[in-house]
Structures are given as structure tokens and as C-alpha cells.
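We did not get these values from a lab; they are worked out from the coordinates using the rules stated. Everything quoted here is computed from the prediction, not taken from an experiment. Cβ placement follows ideal geometry from the backbone for every residue including glycine, while neighbour counts extend to all protein chains displayed.
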Amino acid sequence: MSKTKLTLYVDKEISKRAKKISRITGRSISSIVTDFINEQDLNINDFKISEKVSKWAGFAKSDKDYKELRDEVIEDKIKKYEDTH
């Protein structure tokens, strides 16, 4: 795997803590950051979307804009209401 340089700007206190962790663990700050990013990536991939949110997935995939979609939903609700009353 090829590596690339990444410059991070952190508070002075964070920098001190990162160096301390590096000394104590005998690992480079680069490897600590890499492991952290990999762990976060795994957590994101395991993220579950709630049922309430998942039912809306794909809702906005349309050539229509928001107002057109909104108006269609409102019209459907009105029609359903009128059909039941």
C-alpha cells in the first residue's frame, strides 16, 4: 500500500496527548490515526438505518423537484381522504 503525507492541525493539548500515547504504546502517531480511521469505517459500515428512516429511502430519486414531489404527496393524501369520506 502506498502512503501519502497528511498534515493535521490539532490543539496543542491534543498534540501532547498523541505524542504521549505514541511513546507509551510504542506506535507511531500515523499508525494510531490509521487504526482509528479503520475502526470508524467499520462502525459506519455496521450502521443500521431505523425503520422510520428506511421507509423514505429512495423517496427523492426523481426528475421532479421538491415542490412537485410535495404537491403530489399532498394531492394523494387529499384524494385518499375524499375517497374515505
Notebook entry, point to check: Taking the Cβ of ARG70 as the center, what net charge do the other residues with Cβ under 14 Å away carry, scoring Lys and Arg +1 and Asp and Glu -1?
Noted result: -3
Checklist line | For segment 64-79, 3J(HN,Hα) per residue [Karplus equation, 6.51 cos²θ - 1.76 cosθ + 1.60, θ = phi - 60°, Hz, x = Gly/Pro] | finding: 7, 7, 4, 5, 5, 5, 4, 4, 4, 5, 5, 4, 4, 5, 5, 4
Next item on the list: Calculate, in nm to one decimal, what LEU69 and ILE14 gain on full extension: separation in residues at 0.36 nm each, minus their alpha carbon distance.
Entry: 15.1 nm
